[in-house]
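The values are calculated or read from the model by the stated rules, or taken from the named source; none is laboratory data. Because the structure is a prediction, the values reported are computed rather than measured. Positions of Cβ are generated from backbone atoms using ideal geometry, with glycine treated the same way; all protein chains shown enter the neighbour counts. The protein model used for the area step is the full one, side chains on, heavy atoms only, and it has no ligands, DNA or RNA in it. Shrake-Rupley method; radii C 1.70, N 1.55, O 1.52, S 1.80 Å.
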Amino acid sequence: MSGVRTRFAPSPTGFLHVGGLRTALYNYLLAKKEKGTFILRIEDTDQSRKVEGAMENLVDTLEWAGLHFDEGPGREGNFGPYIQSQRINLYQKCAHQLVEEGKAYYCFCTLDRLEKLREQRIAAKLPGSYDRNCRDLSKVDVQEKMKRGEPHVIRMKVPLAGELTFSDAIREKVTIAYAVLDDQVILKSDGYPTYHLAVVVDDHFMKISHVIRGEEWLPSTPKHIILYNYFGWELPQFAHLPLLLNPDKSKLSKRQGDVAVEDYREKGYLKEALVNFVAFLGWNPGDERELFFLEDLVKEFTLDRVGKSGAVFNIEKLDWLNFEHLRKKPEPDVLCMLKDHLKRSAVGDKHFDDPYLLNVIRAMRERVTFVKDFVEKSPYFFQSPKEYDPVDVKKRWKPESSKYLKTLGEEFAALATPTKEEYESALHHTAQTLKIKNGDLIHPLRLAVSGMGTGPGLYDILFILGKDETIRRIISAIEILY
Ligand code: GLU
């Protein structure tokens, strides 16, 4: 096992966002590529935002996608616990250490004061929201306030002048002036750490080598680096992933479509397609290839092929990938999925055996994007047509069609268990006898057995339905369409 240790560190505030899936995936890919360790850490220090069941949902979704973590909740390694609310003592110890060393300080400012201050500073266009009022309180003042039991937080001291430069695997060099940074709260009045302290402490003690996360965390990184420096800890390699955008280049949001992985899962997207799709939101292999399985991604992934510019979330591409991955699935897997779909959607009232369903799968494979399409695009394999497409009826059903199909039905009835070829020659033979074109039989026949004008090969349909069902459908169509 190499020294590469990456982590996905979500807050359990609800569902897994597709952007979160991408962050998890890139962390997973780098760890696996380098024979390292992929860690799941739950960042639940903001107890007010915690949602019941969210952690279980996150774990379930990651497992569904195949991103198995090596260490994390329920999979304890040497660096646990992996849930931040179970590590509070460690954060408190670290925060107090910084106070003792003069790198952080107690702040007793009331919420009321802070709120007013914030408004004033915004109005005066001053950077930051805090005026460092408590930064230079004397030891005696602090002791007195403590004695009086005044609520307090701990803030880190941000250097007052100069700038900080750090390297990011994707953005290369990033420079920021200290002046724009607030003296960030690191320990809240309830004794819980803020994200900034907890993330640094955990990434250090969990020996994280690469911090790969979304671009929205880039402005926080300088604060984290100050903390690393104060503690005297080695920096991990940072990598901030580009934003996810809607096709109109606005930030990907719920308003314009689904953002939860579980929504895509429910809609019937395959995990292979979603993982493949999400991998390409910011990364590419450097050539034309687009179809990748997780194992291929592990082999090919490198951070230096991740781009800086926003990645557009293009749902048509996802659909195309779903189509391609479904086509690549082994038949037994597709059969399982189709049976599962039939069970859940209670289509028709008949039981369909495996050989029948396999025939349907073979006939429809090149035409379906989702498993549900087997039923939606070819409902006639599951129940006889309830209605006939009026446009096709108008175009394809002639006044003589009933008479022609009746003769054809009789011809079919005389066959034992016809093969596709036998259906075909019976149809040709009937056309000759009636002195009509093959098409005069083919089109109304397709309509009679399927209710629609397009689909897989007509003789494939007849063969799958079987002789009795084919004849039954011819008779009903004649009755209904006369
Ligand atoms: N808890 C943060 C989140 O919810 C993690 C940010 C990070 O990876 O440092 O995304």
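Using only Cα atoms, locate the centre of region 359-383 and the centre of region 269-327, then give the distance between them in Å, rounded to an integer. Cα centroid of region 359-383 versus Cα centroid of region 269-327: 26 Å apart. Taking all Cα pairs closer than 8 Å and separated by 6 or more residues, the relative contact order of the chain comes to 12 percent.
3J(HN,Hα) along region 222-237, derived from phi through the Karplus expression 6.51 cos²θ - 1.76 cosθ + 1.60 where θ = phi - 60°, amounts to x, 4, 5, 5, 4, 4, 3, 5, 4, 7, x, 9, 6, 7, x, 7 Hz, with x in place of Gly and Pro. Compared with the rule-of-thumb size 2.2 N^0.38 Å for a compact globular protein, the chain has a Cα radius of gyration ratio of 1.40.
Rolling a 1.4 angstrom probe over the protein heavy atoms with all chains in place gives the chain an accessible area of 49 Å² per residue.
Straightening the chain between V51 and R472 buys 146.0 nm, computed as 0.36 nm per residue apart minus the Cα-Cα spacing. Restricting the GluC sites (Glu not before Pro) of region 279-316 to loop positions (DSSP other than H, G, I, E, B) with no more than 15 neighbouring Cβ atoms within 10 Å leaves E288, E290. Residue ranges 325-335, 365-375, 191-201 sort as 191-201, 365-375, 325-335 when ordered by packing (mean number of other C-beta atoms within 10 Å per residue, highest first). Straight-line reach only, C-alpha to C-alpha below 17 angstrom: list the lysines that K35 could link to, leaving out same-chain residues fewer than 8 apart. Candidates past the 8-residue exclusion: K207, K299. Taking a point 7 Å out from the Cα of R344 in the direction of its Cβ, the residues of region 372-412 whose backbone N falls within less than 15 Å of it are 372-376. Each residue, I88 and K35, gets one label point 7 Å from its Cα in the Cβ direction; the gap between the two is 4.2 nm. Backbone amide hydrogens, once placed in the peptide plane, bring V312 within less than 5 Å of L245, excluding anything fewer than 5 places away on its chain. Scalar couplings 3J(HN,Hα) for region 322-330, obtained by applying the Karplus form with A = 6.51, B = -1.76, C = 1.60 to θ = phi - 60°, are 5, 4, 5, 6, 5, 4, 7, 5, x Hz; x denotes Gly and Pro. With a simple spin-label model that places each label point 7 Å from the Cα along the Cα-to-Cβ direction, the separation between D287 and V140 comes to 7.6 nm. Annotation for K437 and T407: the two label points, set 7 Å from Cα along the Cα-Cβ direction, are 1.7 nm apart. Surface composition of the chain: carbon and sulfur atoms hold 52% of the protein heavy-atom accessible area at a 1.4 Å probe. Charging the Cβ of each Asp and Glu at -1 and of each Lys and Arg at +1, and nothing else, the dipole of region 258-309 about its Cα centre rounds to 120 debye. For region 76-122, the residue among A104, I83, L114 whose Cα projects farthest onto the positive side of the dipole built from Cβ charges is L114. Of the GluC sites (Glu not before Pro) found in region 380-482, the ones in coil according to DSSP and having at most 16 other Cβ atoms within 10 Å of their Cβ are E387, E400. Of the trypsin sites (Lys or Arg not before Pro) in region 235-294, the ones in a loop by DSSP (not H, G, I, E or B) with at most 14 other beta carbons within 10 Å are K249, K267, R289.
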